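The values are calculated or read from the model by the stated rules, or taken from the named source; none is laboratory data. Since the structure is predicted, the reported quantities are computational estimates derived from the model, not experimental observations. So basically every Cβ, Gly included, is an ideal-geometry build from the backbone, and we count neighbours across all protein chains shown. Surface accessibility is based on the protein's heavy atoms, side chains included, excluding ligands, DNA and RNA. Shrake-Rupley method; radii C 1.70, N 1.55, O 1.52, S 1.80 Å.
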Amino acid sequence: TIVVSTMPDMELIFSEKESHVTALSFLMGMSESAYWFTNFIVSFIYCFFVHLYISAIYTYWYGLNGNDFTLVFAFSILFVIAEIWFQFFISTLIKDANKGKSLTIILIMASITLSLFFQFVTLKENTKTNLILNHVFCIFPISAYELFLIQGYIANVAELPLFRWNNLNDENYICPPWIPIMWCLIDIVLYFCLFLVGNSFAPRAFGINTSTFSD
């Protein structure tokens, strides 16, 4: 559900590139900063309401019952921002819409595989190796999000301390909540910077690269 909810935004960007809507927008005088800002705001607003609903379902009905809603929702917003910049960075490297659709499918399958890996491997035992693996995989925003949710669910069913703002580093957790939260913040900055670099220097089918925010 989480990955699928962000699919239309990525597909739209690829479709606009393939149909030359993006090129036409720039030729008609639209600045790149305005184009990407609009895409970001539309994606964020769409995902904001989706994750507001999802967070409420998790904390008040199923999965993360009793965990702090504001903490879960705040983390979800960080994930949304990180995921959008991650998708935007990927979009600077891929020009073909069909390849974009294939990549989306690959990302979905990878997210399913990682969730199973976390659930049955890294969150089964508190070892240094598992901790390192959790840190490594958090370079992808969806991995950080899955770690947060799975650990929250484990805390719920195993009668561990529930997620609260004042226990983000509780020693009872195999993956304390502060780790995925920290990595989402890192991913936001990382993929925003990579997007700027990719959008400035990646080859284009039209025009000349100068800078991301040139008019």
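How many angstrom lie between the Cα centre of the range 163-191 and the Cα centre of the range 76-151?
15 Å
Can you send over the solvent-accessible area of residue 135, 1.4 Å probe, protein chains only, in Å² to the nearest 10?
The accessible area of residue 135 comes to roughly 50 Å².
Order the following by accessible area, largest value first: 187, 68. Probe radius 1.4 Å; ligands, DNA and RNA are ignored.
68, 187
Using the basic label-point model (7 angstrom from Cα toward the beta carbon), what is the residue 165 to residue 45 distance in nanometres?
2.8 nm
For a test of the definition: using alpha carbon positions, the gyration tensor, and the 1.5 limit on a/c, classify the range 78-175 as rounded, prolate or oblate.
In terms of gyration-tensor shape, prolate.
Rounded, prolate or oblate: pick one for the range 130-187, where a ≥ b ≥ c are the square roots of the eigenvalues of its C-alpha gyration tensor, a/c under 1.5 means rounded, and failing that, prolate if a/b is larger than b/c, else oblate.
Prolate shape, in that a/c is at least 1.5 and a/b is the bigger ratio.
Evaluate E = 1/(1 + (r/R0)^6) for residue 121 and residue 193, where r is the Cβ-Cβ distance and R0 equals 41 Å; express this FRET efficiency to the nearest 0.05.
0.85
If you take every residue apart from residue 187 with its C-beta less than 15 Å away from the C-beta of residue 187, what net charge results, scoring Lys and Arg +1 and Asp and Glu -1?
Residues close to residue 187 contribute a combined charge of -2.
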